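Encoded as structure tokens, the structure appears first; notes follow it.
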Amino acid sequence: MSPKAGLKDSLLISPSSKDTTFENHDILILIFSYFTPPLDLVESEYDKSPFEGCKQLRNLALVCKAFSLPALDCLWTNIDGITQFFVGNPDRSPTSRFYNYAKRIRRVRFNNTDGAQAHTMSLAGLSCLTQQLQGAPLTPGLQTIYFTNPNSDSVHMGVLPLILSASVKSVVFKGSFIHAEIFRSFALPQLCSTVPSLRSLQLRGGDTATDVPVTAWEGLPDILGDLQLDSLTLKFPFELALNPTFLATLGKNLEYLTEFTLDCHTISHAPSTDVIGQQLFPALKTLHLYNRSETEICHCYPSFLVKRATHITFCTGNVMDANAFSRTADTLSRVQNLKVIEIDANRHILPTALVPLLQSFSLEELRIQPDSAFEVPAGEGGTDIRSLIDGAYSQIRKEGTGGATLRVLTTPVWRDTPPLNDGVSRDPGGYAPLSTLVYIAQNAQGLEHIALPIDSSVIDGSSSGQTIESLLSSWCSSGCESTLRYLDVAERRPDEKGFRASEYRDIACLLDTIFPNLESVTPMQHNQRHFDSRWDQDWELVEDYRKMRKALRLYRGTY
């Protein structure tokens, strides 16, 4: 055999990397899944052009035969409702067109709460469809169900029995409809009896107060007792109607539960019945409690439950007392597993009020709701961040031990001054200058993620005449590299002080110098529609320069 013939044969036998990739269905699914709509269709803003990804998946399915099946799998993974899905008779044979698409559905959301026209199926139509299915599930591969509107596609969730199957692992019900008698006596019991393999259940009430009797949910522990739930979410924040014995009874029946999110309260926040000497929730590993007694620990939760909390969210009004959390911090210092605290304040927060929470125990994450506001006098920008950093790390620095446990710190996008003479009017407060980032790098050893608003047009709040060049020349890392990996920024410079061309590279150089382990700089996430995001593109350019500098630094360091 000639050399040329051998080379030709080897080329025919050895597949190229492209062919190998095209033949690997799992790799293509992983790549195409980036175009699928959000997985958590309840909490995410699903109205942000979800069909753009669907269009891309449709186009990918038309590229070639290798792309067709994985692209269609991703395209049909998440759907809104099922009536749009019906095209003629739902033939259950494996070769039918209906079954070819039905088997691809993994998550379905029943919504239609935004004024969109819902294609509701009549009860007669549901009855006819039930006969055609002959007991088989309509969507045999369905894993997750989201219900935010009980009348989407059918009346009173009449479509629910048709889609339940052994493949369903997670169900979410969100809305005031879950307190209706028909839901508590029919829909929920049917779900629990039909799908014994259910592992995750979320019951989320509405955003407004409803009149629910105290005995409304007394039967829930028995209904859930036959399931082996791993995760349970109960959020009834505006229905103060739970019996004080409810949580104790629930704890006896859910012996397999590992994750529990709880936002349920008794009438007038009266103390719940505590249970001593009994092993409740024996498998529980993660417990997220929502506290609605301002800055005090809510008495609705029995002490045995508070002691096992790993995550607490304080839903409060304005927090303007520097000692507001002092007593709470002392109580929580005995909660050994508590790692995350969130502050969801109505508007204004005094930053020094949060310091006791950082000093009293080994907190890993402190998250302040981004749409609230820190009270910071004009001209004192950055003092809020410094006080929090000192509260979390000063004791560690004094003792000379390893890094502190605080890894995540997120702060609001707003800063307001103290009230004016009328007690109501406020002016914009002071925002952190660039020198605050240097302070973080030098004093927050162990911090990995921080979110803060910043006025990058100000180098230092004092009149010292600092420049970025002087910050770099005087930079000292205190012997340890900063551990910060993620920086979320909301630019708050005045409109008249736009970015100069040289600032992009100067700020990028500063960030790469003081944060050598930084992986990304991104805009802060918030829900304020009137927040001016005009500077986001400027920070994207800063980030491009920073990444380029980091790549060059690492590349040169290997030679």
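The values are calculated or read from the model by the stated rules, or taken from the named source; none is laboratory data. Just so it is clear, the model here is predicted, and its values are computed rather than measured. As a convention, Cβ positions derive from the backbone with ideal geometry for all residues, glycine included, and neighbour counts pool all protein chains shown. Ligands, DNA and RNA are stripped out before the accessible areas are found, and what is left, the full protein with its side chains, is counted by its heavy atoms. Shrake-Rupley method; radii C 1.70, N 1.55, O 1.52, S 1.80 Å.
In this structure, is Ile178 touching a Cys at 6+ places or on another chain (Cβ under 7 Å), aliphatic (A, V, I, L, M) and not in a loop (DSSP other than H, G, I, E, B)?
no
Of Ala353, Ala324, Ala392, which residue is aliphatic (A, V, I, L, M), within 19 Å of Leu437 (Cα to Cα) and at pLDDT below 95?
Ala392
Determine whether region 508-521 contains at least one residue that is in a loop (DSSP other than H, G, I, E, B) and free of Cβ contacts under 8 Å to residues at least 24 places away in the same chain.
No: zero hits.
Is it fair to say Pro213 is modelled with pLDDT under 90, open to solvent by 10 Å² or more (accessible area, probe 1.4 Å) and within 21 Å of Leu338 (Cβ to Cβ)?
Working: modelled with pLDDT under 90: yes; open to solvent by 10 Å² or more (accessible area, probe 1.4 Å): yes; within 21 Å of Leu338 (Cβ to Cβ): no.
So Pro213 does not fit the description; no.
Which residues, counting only those in region 93-113, are open to solvent by 60 Å² or more (accessible area, probe 1.4 Å) and either at pLDDT 85 or above or part of a loop (DSSP other than H, G, I, E, B) (or both)?
Hits for region 93-113 are Pro94, Thr95, Lys103, Arg106, Thr113.
In region 341-355, which residue that is surrounded by fewer than 20 Cβ atoms within 10 Å (Cβ to Cβ) and within 22 Å of the chain's Cα centre (by Cα) is farthest from Thr331 (Cα to Cα)?
By that ranking, first place goes to Arg347.
I need the full set of residues from region 356-371 which are open to solvent by less than 20 Å² (accessible area, probe 1.4 Å) and either over 20 Å from Ile385 (Cα atoms) or free of Cβ contacts under 8 Å to residues at least 40 places away in the same chain (or both), in order please.
Leu357
Pairs, please: C-beta under 9 Å, at least 6 apart or cross-chain, first residue touching a residue at least 24 places away in the same chain (Cβ under 8 Å) and in region 50-69, second open to solvent by 100 Å² or more (accessible area, probe 1.4 Å) and acidic (Asp, Glu)?
Qualifying pairs under 9 Å: Ala66/Glu23.
Only residues that are assigned to a loop (DSSP other than H, G, I, E, B), under 19 Å from Gly379 (Cβ atoms), hydroxyl-bearing (Ser, Thr, Tyr) and at pLDDT 80 or above: list them for region 405-450, please.
Within region 405-450, Thr411, Thr417, Tyr431 meet the criteria.
Output the residues belonging to region 529-552 that are modelled with pLDDT under 90, open to solvent by less than 90 Å² (accessible area, probe 1.4 Å) and not aromatic (Phe, Trp, Tyr).
Asp532, Ser533, Asp536
Does region 291-308 contain at least one residue that is among the charged types (D, E, K, R), closer than 26 Å to Gly205 by Cα and modelled with pLDDT under 85?
So far as region 291-308 goes, no, none of its residues is among the charged types (D, E, K, R), closer than 26 Å to Gly205 by Cα and modelled with pLDDT under 85.
Quickly run through region 188-237 and pick out the residues that are of a type in the set (D, E, K, R) and closer than 13 Å to Leu254 by Cα.
Across region 188-237, the qualifying residues are Arg199, Asp222, Asp226, Asp230.
Which residue out of Ser474, Ser470 is of a type in the set (S, T, N, Q), under 19 Å from Ala441 (Cα atoms) and open to solvent by 50 Å² or more (accessible area, probe 1.4 Å)?
After applying the criteria, what remains is Ser474.
Pick out, from region 303-393, the strands (runs of 3 or more DSSP E) lying fully within it that include 3 or more residues that are touching a Leu at 6+ places or on another chain (Cβ under 9 Å).
Counting at least 3 such residues, we get 311-316, 340-345, 365-368.
Output the qualifying pairs, or none if there are none: Cβ atoms under 9 angstrom, residues six or more apart or on different chains, first residue in region 293-315 and touching a residue at least 12 places away in the same chain (Cβ under 8 Å), second residue among the charged types (D, E, K, R) and part of a helix (DSSP H, G or I).
Partner pairs satisfying both residue conditions: Thr295/Arg327; Glu296/Arg327; Ile297/Arg327.
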